[in-house]
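For reference, the structure is listed below as structure tokens.
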Amino acid sequence: MIKHKYWSVFLILITVLPVLQAKAEVDHENLRYLSGIYHESWAVIIGINEYENMKDLKYAVNDAVDVKDMFISKYGFKNDHIQLMTNEEATRDNITRSFNDLLQKAGEEDRVVVFFAGHGETLDLPDGGEMGYLIPVEGNPDELYLTSIAMSELHKIARMSYAKHILYLVDACYGGLAITSNRGISRSTPSYFKKITSEKGRQIITAGSKDELVIERSEWGHSAFTKNILTGLGKGSADIDGDGIVTANELGEFLTERVHDETTGAHTPQIGRIGTEMGELIFIYIPDQSSNDVPYKQYKEESRTRYNLYRSAKKNSWFYPGLSHLKLGQKKKGLFLAAAETVSLGLMALSWNNYNVSYNKYLD
């Protein structure tokens, strides 16, 4: 009788383990189809090489243009949802108008990215604090308040906007960020992605702090900060855990380490939140929308179909994981698991029958 008991336990284990394995695989695949969490994606992208009152930069315009191209080709941003301003276009008035446009257009299920490549300055305040400023093309470091854009304006926009997620990527160094800590929801939290994509979030990543100079190099054709944004997002290197998704926190951690190393400590990116919401903007790679082979609309439809398929397969995985693998097109694995499960169930039934026969004989 004991022998039959342990045999039954063994059969149960080899039946349950494939169920857990299949469920884990389906859950992992479902992460790839979170692209529907945003209705629209908006961006303001600014790059200034030629300043009227400050030293010129070499690659800020390159930075802005390449970031725009990456957002469109890799992450589904529409060209007409991106405002690109370079050099003489990037006046204080034009930049603030573009921020106002975002307030008008971005809805509750949208994401917004603001990228700025140019000079930043820090104003020391009488009480010992600091105020950071973004310098537009006509900005004058001697008249920051009148000619430049205070970081407090970005904070106001973040609080006033209906957008679900806002991320500021600022390729400039200055102090006085006045941001809260970068504390967020732990990745080990159950339903982590559901939580960070449901709650609002306003985050900022900057190239460095006060007295740190932005470093550009001809071999890069970019600044250290933007070079690594293009590597981290464009090539997926910032996807630290390899799940196909780059969160704003992941990007910030990647930039902090890589930029610090590549500039030998000359500047270290700063990461923080504006406000107390714990949501995070996420980036999910999609095929090039400009490709004739995989048009964007077709990709979205295929993604929706695959998502529904995985939902159905996930349900099957609870009671017969072999079927879920077959549904996903994994024929060899599906047939093997289905056969193993069928044999296991058959042996379990036989074992249970033998157990009952033995038990009845024992009672007699």
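Considering only region 215-240, state which residues are of a type in the set (A, V, I, L, M) and either open to solvent by 10 Å² or more (accessible area, probe 1.4 Å) or farther than 14 Å from I284 by Cα (or both). Can you show your working first?
Here is the first cut: in region 215-240, the residues of a type in the set (A, V, I, L, M) are 215, 224, 229-230, 233, 238, 240.
Passing the criteria: I215, A224, I229, L230, I240.
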Looking for something at pLDDT 90 or above, under 16 Å from the mean Cα position of the chain (by Cα), open to solvent by less than 60 Å² (accessible area, probe 1.4 Å) and closer than 22 Å to L281 by Cα - is there at least one such residue anywhere in region 172-193?
no
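What number of residues within region 241-270 satisfy the criterion of being free of Cβ contacts under 8 Å to residues at least 24 places away in the same chain, surrounded by fewer than 16 Cβ atoms within 10 Å (Cβ to Cβ) and not charged (D, E, K, R)?
Step one: filter region 241-270 for residues free of Cβ contacts under 8 Å to residues at least 24 places away in the same chain, giving 242, 250, 253, 256-257, 260-261, 264-265.
From what's left, surrounded by fewer than 16 Cβ atoms within 10 Å (Cβ to Cβ): 242, 257, 261, 264-265.
Pick out the ones that are also not charged (D, E, K, R) and you get 242, 264-265.
Final tally of qualifying residues: 3.
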Of all residues making up region 55-74, the number that are assigned to a loop (DSSP other than H, G, I, E, B) and aromatic (F, W, Y):
1
State whether the residues of region 204-211 include one that is assigned to a helix (DSSP H, G or I) and either modelled with pLDDT of 80 or more or aliphatic (A, V, I, L, M) (or both).
no
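The values are calculated or read from the model by the stated rules, or taken from the named source; none is laboratory data. The structure presented is a predicted model; accordingly, all values stated were derived computationally and were not measured. Positions of Cβ are backbone-derived with ideal geometry, glycine not excepted, and every protein chain shown enters the neighbour counts. With ligands, DNA and RNA removed, areas are computed over all heavy atoms of the protein, side chains included. Shrake-Rupley method; radii C 1.70, N 1.55, O 1.52, S 1.80 Å.
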